[in-house]
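Read through the structure below, which is laid out as structure tokens, and then see the notes.
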Amino acid sequence: MQRDKRLLIRFCLRLPFVIFALMMCFLSLSGVSSLYATGTGCVGRFVTPVTDVSWASVFPITIGAVQTVPSPLGLPDTENPPMPVALCPIMPNVYRLGITLGYWEPHSLVDVTRIPYCMVNMGYQMSMGINQQQIGGRSNYMAGSSDSSFYHVHWYKYHVIYLLNLIMSTGCMQAEGVDLTYMSELDPLWDDDMLAFILNPEAILFGNPIAQLACIPEAIATSTNMSLAFDVLFWCAGSQGGIYPLTGSVAYTNTHISNAVLLTERMNYKLHRQGMILESKGVYPIVCQQYPEPILPKSRYRYQLTNIVPEPYLSHPYTTTTVISEAGKDNIVTGTHFGLLNFRKRNCVYI
């Protein structure tokens, strides 16, 4: 009797995830993912994990320091634990023995748009009534030849590995589904550089040409898509320029896609600074648990485009130049609306 109750409870807990997976398959097969949102200038497309996610970017998968499954894209990897097993505490004087696993998990979806409440990766436009008139985009009010830009950003939790039950150990995955986590329209710090100084007071140290010149080595190294970002240069965003301030304003406009990547990295940094994202690391005993990290570990993230033109065959380490990959993905009709998917390096102990 007790066994039957446990089976029933387990079935009820798994049923929503099975339904979600079946819905994703149906949407991908029925062609719904090709529909575009209709709104006042809002363009978007629903992201399906079957057809739009670069699953090759999950690799390499490592046990200890050994690559059991190499990256088919030849992407670089971060440091991993030297030993294939680890002993982790779960309570005082109680330990668990597990396998040290490393992989790149699909972590979060990001909308970058000039239209308030345009949910690019969901394929529709919301109407909240707050800051509805604050339309972003490109302007030329600044002196000189460089234009400035402003964009809104939305951040979604997107733990599809958990939803699809691809990894069963709770120590090696986020036990969360898909959820809207952050909307810049509701954040007064996102559109005010001076007010954002409360969150990033160190930005005053790096707003000068000498500090920005130090970003050149990172921009050169990551231009091939085969090098990780330099975490020691935490104020740099490689070919995208400086990562400060942590707002939606870009003082120089290269291309719309380059701006979208920069603002994705900024929002990631901002959520780390606010303690909303936890990190893991391939060093014992930190590998046993996640911890807060107020400075973004750029080397542990890579991204792919999901909207408007997805790239389910490729991903890029943070700070990589967009000059090559942006070809054919930006035009005057769908421009200034982009969707990205972040992959995060996850080191954990698999039970």
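The values are calculated or read from the model by the stated rules, or taken from the named source; none is laboratory data. Owing to the predicted nature of the structure, the values given are computational and were not obtained by experimental measurement. Cβ: placed from backbone, ideal geometry, glycine included. Neighbour counts: every protein chain shown. With ligands, DNA and RNA removed, areas are computed over all heavy atoms of the protein, side chains included. Shrake-Rupley method; radii C 1.70, N 1.55, O 1.52, S 1.80 Å.
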Sequence order, the stretch 199-212: Karplus ³J(HN,Hα) from phi using 6.51 cos²θ - 1.76 cosθ + 1.60, θ = phi - 60°, Hz rounded, Gly and Pro as x, gives 7, 9, x, 6, 4, 5, 7, 10, x, 8, x, 5, 5, 6
Measuring from its Cα centre, the stretch 188-343 shows a charge dipole (+1 at each Lys and Arg Cβ, -1 at each Asp and Glu Cβ) which, in debye to the nearest 20, is 280
Loop-resident chymotrypsin sites (Phe, Trp or Tyr not before Pro) in the stretch 301-351 with no more than 14 other Cβ atoms inside 10 Å, DSSP not H/G/I/E/B, are 313
Counting only protein heavy atoms and leaving out ligands, DNA and RNA, the solvent-accessible surface of residue 323 at a 1.4 Å probe, in Å² to the nearest 10, equals 110
With the 1.4 Å probe rolled over protein heavy atoms, the stretch 40-85 has an accessible area per residue in Å² of 43
Counting only backbone N atoms under 11 Å from a point 7 Å out along Cα-to-Cβ of residue 148, the residues of the stretch 230-268 in range are 249-252
Taking R0 as 51 Å and r as the Cβ-Cβ distance between residue 231 and residue 95, the FRET efficiency 1/(1 + (r/R0)^6), rounded to the nearest 0.05, comes to 0.95
Listed by chain and number, the lysines with an alpha carbon less than 24 angstrom from that of residue 345, same-chain partners under 8 positions apart left out, are 157, 270, 281, 298
Simple spin-label estimate for residue 68/residue 87, 7 Å along Cα→Cβ, in nm, reads 2.2
Expressed per residue, the solvent accessible area of the stretch 211-309 in Å² (1.4 Å probe) is about 32
Largest-first ranking of 186, 213, 262, 101 by accessible area, probe 1.4 Å, whole protein assembly kept, is 213, 186, 101, 262
